[in-house]
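So the structure is just underneath, and the comments pick up after that.
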Amino acid sequence: MKTIQHWIDGTAVPGTDTAPVFDPATGRQQAQVVLGGAADVDTAVTAAARAFETWSESSLTQRTQVMFAFRQLLVEHEEELGRIISAEHGKTVDDARGEITRGREVVEFACGLGDVLKGSFSDQVSRGIDVHNFRQPLGVVAGITPFNFPAMVPLWMHPIAIATGNTFILKPSERDPSAANFVAELYQKAGLPDGVFNVVHGGKDAVDAILTHPGIEAVSFVGSTPIAKYVHEQGTSAGKRVQALGGAKNHAVVLPDADLEFAANHITAGAYGSAGERCMAVSVAVAVGDAADGLVEVLERKAREVKVGPGDAPGVEMGPLVTKVAQERVENAVGTAATQGATVVVDGRGLKIDDPTYADGFFTGPSLLDHVTVEMDAYKEELFGPVLAIVRVDTLDEAIAVINANPYGNGTALFTASGEAARRFQRNVKVGMIGVNVPVPVPMSYYSFGGWKDSLIGDSPIHGPEGIRFYTRPKVVTTRWPQPAQQVAAGFNFPTSS
Ligand code: NAD
């Protein structure tokens with residue numbers, strides 16, 4: 001049985017406790033991952049602190065060159081990394097390659113380090129006095145990441161942290177841990193010094209050790225809202241900077257003037273892509289007025305056409321869920337929705353793949369629920385599976401009110417032909433990332449990613465300009481170079497400009 005080990009100071013490090021890693025398509029254990037604790041985190045912090053001494057002194061050119069080389073290796077190994085992700089997560093290889101591409105864009109942003117880290121300079125703010133500012137790295141920083149994007153979400157963090165001169169400890173999800181080690185090896189091949197990027201595997205024990213270790217300056221977290229709240233509370237009370245992105249319930253609003261075929265096509269892909277295990281998945285379609293019946297008709301047809309199977313099989317559009325627990329949770333939620341009065345238009349429960357190899361896989365088919373109300377569990381809970389709920393309302397303002405009353409505020413989309421409606425929607429909706437005729441509006445790497453309300457705890461979105469801000473501290477320098485003979489009176493009053 002293969003054991004996935006920690007990666008500390010440029011080498012694999014064993015551990016004692018382990019957890020199983022499954023192949024979601026067959027339902028069988030395929031490996032085990034070591035589960036770290038306080039001692040492993042401490043070893044990683046010691047290595048990262050030592051590496052920080054030289055890495056933080058390296059030139060912008062050296063750091064940029066590592067990022068360019070790392071980016072090239074991500075391109076060359078995209079297929080291989082995509083297969084590693086697919087084998088442990090269950091998503092299709094093409095979908096996994098998509099997440100690598102989106103993560104690589106953050107590396108490309110970090111390749112422009114010289115530009116994004118530029119300070120500013122003010123000449124002659126007072127007679128003979130200039131002011132300039134610059135930013136410096138924090139030290140050892142850590143990232144705690146979810147199972148659903150084992151490459152992309154860590155890539156939102158470490159390229160920016162490392163390019164700005166920090167050293168990094170990644171605690172990936174224990175459900176699909178291999179991508180983290182593969183990325184660590186790519187960094188080493190790219191010329192990154194040992195100890196700058198480390199991986200400590202594990203669950204709650206490893207997380208708690210990170211949150212309390214005095215040698216860690218900042219923690220980036222992405223995962224479910226209850227854990228995001230916990231991480232933010234524990235981390236900040238230990239004096240660390242914390243950015244904590246949480247769960248989601250993303251609404252796509254369809255107005256009667258929208259092209260229904262286009263909207264349904266994109267909502268179907270947004271709802272069932274990656275089996276709905278995306279924080280930006282469309283989980284609720286809000287059908288406005290006359291749009292409803294036509295929309296449901298097309299959505300039903302599209303849901304029935306989704307090709308479900310193992311993630312590495314050609315032509316498959318949707319793989320299994322990540323665990324048996326997730327499969328049961330999603331199928332139970334469909335049953336509860338029916339009991340609570342929703343119409344099950346398409347029932348994905350009990351789907352079987354026509355091949356005995358996959359008889360015990362964690363598959364469930366796309367489910368489509370109509371006449372869902374905001375009181376039902378299927379609406380209130382983040383199901384994180386291939387279930388699309390349709391809520392019917394009469395007006396756009398009513399749709400906006402539904403979205404604003406929801407505790408989450410990660411992403412949302414509006415399908416319409418009206419510029420006025422789109423403008424009203426984007427100005428009034430309490431959500432961080434908005435698509436207009438775009439179902440999954442994940443921002444490019446040079447913008448920042450983050451929701452509102454329970455989808456982001458604290459005040460720091462991730463990557464882009466906010467990433468630079470999060471991983472650095474500013475300094476402002478006020479300078480005077482008096483001429484040798486020049487006498488400048490030293491006043492006792494609080495200094496003002498003259
Ligand atoms: P999760 O919260 O269960 O796990 C996230 C991380 O926290 C993992 O590394 C895990 O090991 C650790 N963890 C789990 N339980 C813990 C505990 N009790 N104490 C301390 N640490 C703990 O999330 P998940 O199931 O891996 O991922 C799915 C969730 O992540 C969904 O809610 C999804 O919406 C969210 N997500 C959000 C974003 C975003 O950008 N907002 C992106 C991706 C995923």
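Could you tell me how many of the residues in segment 290-335 are part of a loop (DSSP other than H, G, I, E, B) and either outside the structural domain of Gly348 (by TED's automatic domain parsing) or farther than 30 Å from Ser224 by Cβ (or both)? It would help to see each step written out before you state the result.
Initially, segment 290-335 is screened for residues part of a loop (DSSP other than H, G, I, E, B), giving 290, 306-307, 309-317, 319-323.
Add one more test, that the residue is either outside the structural domain of Gly348 (by TED's automatic domain parsing) or farther than 30 Å from Ser224 by Cβ (or both), and what stays is 290, 314-315.
Total meeting the criteria: 3.
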Here the residues within segment 401-449 that are open to solvent by less than 10 Å² (accessible area, probe 1.4 Å), assigned to a loop (DSSP other than H, G, I, E, B) and closer than 20 Å to Glu99 by Cα are Asn410, Ser445
Tell me which of these Lys2 doesn't satisfy, since it passes every other one: (1) more than 15 Å from Asp176 (Cβ to Cβ); (2) open to solvent by 40 Å² or more (accessible area, probe 1.4 Å); (3) touching a residue at least 12 places away in the same chain (Cβ under 8 Å); (4) more than 25 Å from the chain's Cα centre (by Cα). (1)
Could you check segment 472-498 and list, in sequence order, the residues that are open to solvent by less than 100 Å² (accessible area, probe 1.4 Å), modelled with pLDDT of 95 or more and hydrophobic (A, V, I, L, M, F, W, C)? Val477
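If we keep just the residues of segment 113-130 that are within 22 Å of Ala489 (Cβ to Cβ), open to solvent by less than 60 Å² (accessible area, probe 1.4 Å) and not aliphatic (A, V, I, L, M), which is nearest to the chain's Cα centre (by Cα)?
Asp130
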Looking at the structure I just gave you, is Pro154 within 16 Å of the ligand (Cβ to nearest atom) and either within 23 Å of Ala69 (Cβ to Cβ) or among the hydroxyl-bearing types (Ser, Thr, Tyr) (or both)? yes
Where Val222 falls short, out of the listed (1) assigned by TED's automatic domain parsing to the domain that holds Lys324; (2) within 16 Å of the ligand (Cβ to nearest atom); (3) not polar (S, T, N, Q): (1)
Taking Val106 and the conditions (1) free of Cβ contacts under 8 Å to residues at least 24 places away in the same chain; (2) open to solvent by less than 20 Å² (accessible area, probe 1.4 Å), which numbered condition does it fall short on, given that it satisfies the others? (1)
Filtering segment 131-145 for residues that are outside any strand (DSSP E or B) and either buried (at least 24 other Cβ atoms within 10 Å of the Cβ) or among the hydroxyl-bearing types (Ser, Thr, Tyr) (or both) leaves a count of 1
Which pairs turn up if I take residues in segment 117-130 that are at negative phi and look for partners that are open to solvent by less than 70 Å² (accessible area, probe 1.4 Å) and in a loop (DSSP other than H, G, I, E, B) with beta carbon separation below 8 Å, at least 6 apart in sequence or on another chain? Leu117/Thr164
Are any residues in segment 448-465 more than 10 Å from the ligand (Cβ to nearest atom) and aromatic (Phe, Trp, Tyr), and if so, which ones? Trp452
With the checklist (1) at pLDDT 95 or above; (2) out of contact with any Gly (no Cβ under 7 Å at 6 or more places or on another chain) in hand, flag the one item Asp115 doesn't pass. (1)
Taking the options Leu245, Leu211, Leu255, name whichever one is of a type outside the set (Ser, Thr, Tyr) and more than 15 Å from the ligand (Cβ to nearest atom). Leu255
Taking only pairs six or more apart or across chains, which ones have beta-carbon atoms under 6 Å, a first residue in segment 84-103 that is closer than 14 Å to Pro146 by Cα, and a second residue that is of a type in the set (Asp, Glu) and modelled with pLDDT of 95 or more? Glu88/Asp176; His89/Asp176
Need pairs with beta-carbon distance below 8 Å; first residue open to solvent by 10 Å² or more (accessible area, probe 1.4 Å) and within segment 203-221, second within 12 Å of the ligand (Cβ to nearest atom) and of a type in the set (Lys, Arg); sequence gap 6+ or separate chains. Val207/Lys171
Pairs where the first residue, in segment 168-192, is at pLDDT below 95 and the second is in a loop (DSSP other than H, G, I, E, B) and open to solvent by 20 Å² or more (accessible area, probe 1.4 Å), C-beta under 6 Å, 6+ apart: none
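The values are calculated or read from the model by the stated rules, or taken from the named source; none is laboratory data. Model, not experiment: these values are computed from the prediction. With ideal geometry, Cβ positions are generated from the backbone for all residues, glycine too; neighbour counts draw on all protein chains shown. Heads up: the accessible areas ignore ligands, DNA and RNA and are worked out on the full protein's heavy atoms, side chains in. Shrake-Rupley method; radii C 1.70, N 1.55, O 1.52, S 1.80 Å.
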